[in-house]
Amino acid sequence: GLLARLTIAINEWAAAHSWAACQVVAPPAGCLFLFYAAFFGLTSEAFWRRLRERRWRLLCCWLAAVLLVGAGVGWTVDRAKGRPDVVFVDVGQGDCLHLRMPDGSNVLIDGGGSRSYDVGRRTVLPYLLKNGVGRIDLAIATHLHDDHFAGLVSLCRHMPVERLALFSGNQPDRAWLSGETGLALDRLQFVHRGDSFCFGDDGRIDVLYPAAPLAALPAAP
C-alpha cells in the first residue's frame, strides 16, 4: 500500500509540472499484455528456477505461448478500435461528438466547455489519448458558445489539430480565432451549406446548415 501511494504521489507531482511529464497515446493492448507478462515472469520464482536448471525447451514454450496470446489480445482489441465509429463524449454541459472515419481519420464535432472547468484538457484529451487518438484531422465548431467551443479551444492547445471548421459568417473573427486556438490562419476553414469534407472513398460529411451569410457578422468583442 505504501509503495502504491508513493507511486501515485510521484505521478500526480509530475502531472502538475509540464516540464516533468508528457502526454502519450495509450499503447496497443498487445503491448500492455506483453509488458505485464514480462514483469510477472521476471519476478517469478518458477522462471528463475527453470532458468538455473537450463530447461530451455520449457522456457521457449512459455515464451511462445505468451507471444501468441499477446498477439491474439492485441489483434482482437485493436481491430475493434480501428473500426469506423461514432462516440458521444460525456462533457457535461454542451456537446462533443467523436467520429472515426473509414480511412482512419478522426473528426471531432464540438468539444463541450465551461468557464469553471477545463473540459478540453481534463475530459476530451484523456478520452482521445486512451482511445489511441494522437491528433484530430478535423475539428468542427457548430457555434462559438462556451459550452460547445471552449473545449475545442483548449484541445487545440494540447493536441495537434489539422483543421478547424467554422461557419463562414465568422470570417471577420479569424484573427481572434487564430489567437484563441493557437492555430495558423491557414488551418481555419470557413464553411456553409453545400460544402463537404471527404475522407477516402467511403467517408463524407456534408454541411446542411446554415446557408452562406447575407452580410458579415460583427466581430467578437
Does any residue of region 110-121 turn out to be surrounded by fewer than 11 Cβ atoms within 10 Å (Cβ to Cβ) and under 24 Å from ASP147 (Cβ atoms)? yes
Quick one: would you say ARG100 is open to solvent by 90 Å² or more (accessible area, probe 1.4 Å) and either under 15 Å from the mean Cα position of the chain (by Cα) or of a type in the set (Lys, Arg) (or both)? no
When you scan region 7-17, do you find a residue that is at pLDDT 90 or above, polar (S, T, N, Q) and not in a loop (DSSP other than H, G, I, E, B), even just one? yes
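Could you list, in sequence order, the residues of region 27-37 that are assigned to a helix (DSSP H, G or I) and open to solvent by less than 100 Å² (accessible area, probe 1.4 Å)?
So in region 27-37, the residues assigned to a helix (DSSP H, G or I) come out as 29-37.
ALA29, GLY30, CYS31, LEU32, PHE33, LEU34, ALA37 - these are the residues of region 27-37 that are assigned to a helix (DSSP H, G or I) and open to solvent by less than 100 Å² (accessible area, probe 1.4 Å).
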Residue under question is GLY194, and the condition is that it be without any contact (Cβ under 8 Å) to a residue 24 or more places away in the chain and on the phi > 0 side of the Ramachandran plot; does it hold? yes
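Please specify each residue of region 153-187 satisfying the condition of being among the aliphatic types (A, V, I, L, M) and surrounded by fewer than 16 Cβ atoms within 10 Å (Cβ to Cβ). Break it down stepwise before answering.
The first filter runs over region 153-187 and keeps only residues among the aliphatic types (A, V, I, L, M), leaving 153, 155, 159, 161, 164-166, 175, 177, 183-185.
Within region 153-187, ALA175, ALA184, LEU185 qualify.
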Selected residue [open to solvent by 50 Å² or more (accessible area, probe 1.4 Å), assigned to a strand (DSSP E or B) and under 20 Å from TYR127 (Cβ atoms)] from VAL86, VAL24, VAL77: VAL86
In region 41-53, which residues are part of a helix (DSSP H, G or I) and surrounded by 11 or more Cβ atoms within 10 Å (Cβ to Cβ)? GLY41, PHE47, TRP48, ARG50, LEU51
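The values are calculated or read from the model by the stated rules, or taken from the named source; none is laboratory data. Quantities reported herein were computed from a predicted structural model and do not represent experimental measurements. Using ideal geometry, Cβ is built from the backbone for each residue, glycine included, and neighbour counts are taken over all protein chains shown. Only protein heavy atoms, including side chains, enter the accessible area calculation; ligands, DNA and RNA are left aside. Shrake-Rupley method; radii C 1.70, N 1.55, O 1.52, S 1.80 Å.
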